[in-house]
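Notes to accompany the following structure.
The values are calculated or read from the model by the stated rules, or taken from the named source; none is laboratory data. A quick note: this is a predicted structure, and the numbers were derived from the prediction, not measured. Because the Cβ atoms are built from the backbone with ideal geometry, glycine has one as well, and the counts that use them run over all protein chains shown.
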Amino acid sequence: MHNIFWALIILFCVAAYLRMDWVYYLVYVVGGVWIVSHLWVRRNLARLTVTRELPARAFTGETLTAHVRVTNRTWLPMPWLQIQEAVPLDLKDQPDYRTVTSIGARSTLVHSYQLFCKRRGYYTVGPLSLRTSDLFGFVEGRWDEGEPARLIVYPEVLPLTRLGLPSRSPFGTLTSRQRLLEDPARMAGVRAYAAGDSLRRIHWKATAHADTLLVRKLQPSMAVPVTILLDLNRDAYPSRSLVSGSEWAIIIAASVANVLIGERQAVGLATNGLDPLANITATDLPQRNGQEHLMSILSLLARIQIQTVDQSLAGWLPAHIAGSPWGTTLIVVTPRVDEAALWVLHGAFRRGSNVVGLLCAPQPEYRTIQAQGARLGVEIHATEWASDLTAMAAA
């Protein structure tokens, strides 16, 4: 813009000095076109409405389609418009997210592109930038998005059988001998109606079929609270599998939380990993149930990062399990369990907790630790390694 302005000034001076009318004419024409182009581009950008439609949440492995809607609210068309989106590397489904198009007067353009959620994370999509100019290229205009979009990619959630664990693991609903504690979601059959039975327990379909009042029999059970303890201490992981091992631990924690909350269990989460939003060690999530709480757990697991901490597993555990209610199931997801950690978990077992350890990395002395844990009331399970699952899927 400044080059054209100074060029017009020089031409005007030349015309005034040489008294050449055609140079005056050239200055007037080019100057007029330059002024009109400047006003054209500025007005178009000022009356432009840009919105992005992108889901706020996704799971690992999903492909999302984002839509950028550009509305030109003026009667002046835009000869060309470059749309460029800044996309994180872990979400890219194509090398470049840039396109050049045109948009007419009083019209709307929808530009779509895809994002491939390769791995979990808390991502910033954007900022979006637009570039345009007039037909002659005299004036260029740029529009930059003020607030980029946020996208949470949840970790992969797998069934327990794919983790190498039994589908009826010891951290689900526990059977109780107390008949007063009955689970209305677990029906054991029907029986004849007796005086004092609540009308809510009448099984109306069975009553209509048998032509006599029948009530539901419920299995005696109690839903025990569960706390998942996720070890993300960098020093605990083998150096050759630092990234893959920690990612696998997060998948295990997410999968277990998903199964238990699906069974209406109250689940809490404690971890020594780093929460990048607060730049501190993640705050413990209390024991709650419901899908909203599951989303809170998955959101934390989506952004949590491995870090180096001063305390080993045996030193970190006591502060997070000391206040657990009687009967709480403690699920420790860690790359390795040593003898010191076993004795800490044994103390929790003696206080009435059900203790389960899930190893997310190969441990050479696994059989010895498992046998020792069984004697101390701690169940140790080795999960299938991520590479083994990949090999099985390929086969």
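Okay, here's what the table says:
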{"read-out": "The stretch 90-117: number of residues that are within 30 Å of residue 305 (Cα to Cα) and at pLDDT 90 or above", "value": "6"}
{"read-out": "Residue within the stretch 269-285 that is assigned by TED's automatic domain parsing to the domain that holds residue 231, part of a strand (DSSP E or B) and free of Cβ contacts under 8 Å to residues at least 12 places away in the same chain present", "value": "yes"}
{"read-out": "Test: residue in the stretch 246-256 that is among the polar types (S, T, N, Q), under 24 Å from residue 348 (Cα atoms) and part of a helix (DSSP H, G or I)", "value": "yes"}
{"read-out": "The lone exception for residue 63 - which of (1) in contact with a His (Cβ under 6 Å, 6 or more places away or on another chain); (2) under 28 Å from residue 158 (Cβ atoms) it fails", "value": "(1)"}
{"read-out": "Criterion violated by residue 87 - all others in (1) modelled with pLDDT of 90 or more; (2) out of contact with any Leu (no Cβ under 8 Å at 6 or more places or on another chain); (3) part of a loop (DSSP other than H, G, I, E, B) satisfied", "value": "(2)"}
{"read-out": "Residues within the stretch 351-373 that are buried (at least 21 other Cβ atoms within 10 Å of the Cβ) and not hydrophobic (A, V, I, L, M, F, W, C), tallied", "value": "3"}
{"read-out": "The listed residue being in contact with a Gly (Cβ under 6 Å, 6 or more places away or on another chain), touching a residue at least 12 places away in the same chain (Cβ under 8 Å) and not aromatic (Phe, Trp, Tyr), out of 321, 304", "value": "304"}
{"read-out": "Test: residue in the stretch 68-87 that is surrounded by 13 or more Cβ atoms within 10 Å (Cβ to Cβ) and closer than 26 Å to residue 252 by Cβ", "value": "no"}
{"read-out": "Some residue of the stretch 213-236 being in contact with a helix residue (DSSP H, G or I) (Cβ under 8 Å, 6 or more places away or on another chain), in a helix (DSSP H, G or I) and more than 17 Å from residue 285 (Cβ to Cβ)", "value": "yes"}
